[in-house]
Amino acid sequence: MCGIVGYTGTQQAAPILLEGLKKLEYRGYDSAGIAILSGDAITVSKISGKVDKLVEKTEGGRNCPGTSGIGHTRWATHGAPTDINAHPHLSNDGRFAVVHNGIIENYQELRDELLAKGFVFYSETDTEVVVNLLELYDEGDVKKAVMRTASRLRGSYALGVVCTDEPGCIYAMRESSPLIIGIGVGENYFASDVTALVSYTRNAVYLDDGEFARISAEKAEIFDSSGTEIRKKISRITWDVQTAEKGGYEHFMLKEITEQPRAIKAAIDPRLHGREVTMDDLVLSDRYLKGLKKILITACGSSYYAGCAGRYAIEQFSGIPVEVVLASELRYGNALIDRHTLMIAVSQSGETADTIAAIREGKSRGAKVLAIVNVVGSTIAKLADWTLYTWAGPEISVATTKGYTTQLTVLYLFSLYLAKRIGIVSEEKYNRMADALNALPRLIQESLDMNPSIPRIAGKYHSFRSMFFIGRNTDYAASLEGALKMKEISYIHAESYPAGELKHGTIALISDGQPVVALCCNDFISEKTASNIIEVKARGAKVIAVTFRDNQNILSLADDVIYIPRIETELSPVVEIVPLQMLAYHVAKENGCDIDKPRNLAKSVTVE
Ligand code: F6R
């Protein structure tokens, strides 16, 4: 969703801010803008549409001179994506400019109050109240105005502020929205996402909720909400510039699909030594584990589907019942959660608003929370009692690929960890699973290599308006993610369905030529899925089977085949999803879709 950047130093700020905004494009946005502070004047340039248009409008930043400033990519919430609603916004007296990620929940009440005091509003945004509150509370001390303004705001925000009274200074404030200060030499930065910082510095300070920073070229002072200066640890950003760039691939999605063997290795290596799983970041006492009555996995979208696929291994190896609940539903349902519940929150970005709300709910009912997260220092990582990072590296494409498979890998590792601590599996089974996990990077690579026919299959089916994805048990779990990938990047309606359930109504939709992707990688029930394939074929469906090379029964039924290497059944979803990502990619390419930035979607969904 929205992204913010800030720079102050000795170089021209505008080109640096524009570059930072380009790095944030992947998050999804519909307008962009910058505000540059020069002497006692602020120059604002903003536009609806792409950052490239802003680059053109500002002549690469040359017509906005000045060495400090703030920038924004906006994903419209309050008001349409117009030039006027784009950020930065200026205060009525023109002395303050503000960029904002998040939502000010009490903006209507603040707007009414400011209108009554004679302030004029030009945009429909919630953000304009912030910049006018700054003007209202400014009595010659910008820091105090920032603090008073923050004390009036309810909701979530990462805010960047400049004021003509403090040339060379940029302010940054955080509440429930990520904000990172980049520490340079003779220049400093802020950004809502490390990808905008890595080209300039690897030294970062992660702000916590309620904190704000006054940043000049020489130093970054961090304050708590009472205005007391605090010392914060400088962390090292480990993501490198190349992983955040396309590196010769046509799309980030393709690059990230092919990165999966490496990403999965990075998730496994620090935790699996031979057949021994260690989880240093996790301290679960024997007493706590013995008292556990249930594990509740909560997440949204693909992360939820990773939970759906991971539950089988956890249940089987630990003997603890696992419930998987959509984070957006959790608060409104009656999921039984208490101190005997371990909540596992899964999130690539670590910033998904519904997942954050679900964690808060879980904690308030006494559960401990284990987060499985990719982005270091994210809100979810901070909120949880324990965090297991997925170490997938930056995921730029909006549709997750390596994010999902590394989440699933960590869930599998966790299931083995539980197997060792309280498990109910035989040693022989445990050993087989550990060996399979060790082999996973190689198997993922094989599943990429053994399917050169996917572009041809995509060419055959890309013009259909709908597709079914069917499977049972672990195959069904993988089909959920397979169908989501197809929907979100190719805009083809794709429905995942438990294969055995089709005949209870939905089979009425199967008619001549209907593509059905049948996942048959679960040896225990592959035969049952075979009979469902026969049912849909009898009604004219064209079947694309996903299976092993030696599964003769399924091969003889299918119209087209996608192969995966043999793998333990419990782990099969992580392998079978990889060629399905490829299938969705090639179908979307055939259809000329904007693969890395599908319409209406944002990388990190920070609204509920
Ligand atoms: C789909 C996709 C989304 C995310 C969902 C949760 O490709 O990426 O469905 O999985 O928005 O996001 P995170 O994992 O960041 O909490």
In percent, what relative contact order does region 158-286 have, based on Cα pairs under 8 Å that are 6 or more apart in sequence? 17
Counting Lys and Arg as +1 and Asp and Glu as -1 over every other residue whose Cβ sits under 13 Å from the Cβ of GLY186, the net charge comes to -1
How long are the three semi-axes of the equivalent ellipsoid of the chain, in whole Å, if each is the root of 5 times an eigenvalue of the C-alpha gyration tensor, listed from largest down? 45, 27, 21
Less than 12 Å Cβ to Cβ from GLU105, Lys/Arg counted +1 and Asp/Glu -1: what total charge do the surrounding residues give? -2
List the relative contact order of region 1-89 as a percent without decimals, with contacts defined as Cα pairs under 8 Å and 6+ residues apart. 40
If each of TYR491 and ASP280 carries a label point 7 Å out from its Cα toward its Cβ, how far apart are those two points in nm? 4.8
Can you compute the FRET efficiency between THR506 and ASP559 using 1/(1 + (r/R0)^6), with r the Cβ-Cβ distance and R0 = 30 Å? Round to the nearest 0.05. 0.90
Which percent, nearest 5, of DSSP beta bridges in the chain are antiparallel? 60
Alpha-carbon centroids, region 305-365 and region 87-116: separation in whole Å: 36
Calculate, for SER151 and SER426, the FRET efficiency according to 1/(1 + (r/R0)^6) with r their C-beta to C-beta distance and R0 45 Å; round to the nearest 0.05. 0.15
What is the packing order of peptides 361-370, 28-37, 379-388, taking the mean over residues of other C-beta atoms within 10 Å and listing the highest first? 28-37, 379-388, 361-370
Quick one: length gained pulling ASN591 to PHE524 fully straight, 0.36 nm per residue minus the C-alpha distance? 20.5 nm
Extension gain LEU336-ASP385, at 0.36 nm per residue separation less the Cα-Cα distance, in nm? 15.7 nm
Give the order of ILE222, ILE356, ILE264 when sorted by the count of other beta carbons within 10 angstrom, beginning with the fewest. ILE222, ILE356, ILE264
Cross-link partners among lysines for LYS363, C-alpha distance below 20 Å, same-chain residues fewer than 8 apart left out? LYS290, LYS293, LYS294, LYS382
What ³J(HN,Hα) values, in whole Hz, does the Karplus curve 6.51 cos²θ - 1.76 cosθ + 1.60 give for region 554-562 when θ = phi - 60°, with x put for Gly and Pro? 5, 4, 6, 8, 7, 7, 9, 10, 10
Defining a contact as two alpha carbons under 8 Å apart and six or more residues distant in sequence, what relative contact order in percent does region 252-443 show? 31
23 Å Cα-Cα reach of LYS117 towards lysines, excluding residues that sit fewer than 8 places from it in its own chain: LYS143, LYS144
Fully extended, how many nm does the chain gain between LYS53 and ASP112 (0.36 nm per residue separation, minus their Cα-Cα distance)? 17.8 nm
Sequence of ARG472, ARG152 once ranked by neighbouring C-beta atoms within 10 Å, starting from the fewest: ARG152, ARG472
Please report how far the C-alpha centroid of region 550-601 lies from that of region 1-45, rounded to the nearest whole angstrom. 39
The aspartates and glutamates whose Cα lies under 20 Å from the Cα of LYS46, excluding any fewer than 8 residues away in the same chain, are GLU19, GLU25, ASP30, GLU56, GLU59, ASP83, ASP93, GLU124, ASP126, GLU128
Could the peptides 69-79, 89-99 be put in order, highest first, of the mean number of other beta-carbon atoms found within 10 Å of their residues? 69-79, 89-99
Listed with the fewest Cβ neighbours within 10 Å leading, TYR305, TYR461, TYR171, TYR430 appear as TYR430, TYR461, TYR171, TYR305
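Where a number appears in this text, it was derived from the coordinates with a stated rule and is not lab data. Only a predicted model underlies this, so the values are computations on that prediction, with no experimental measurement involved. We place every Cβ from the backbone using ideal geometry, glycine too, and count neighbours over all the protein chains shown.
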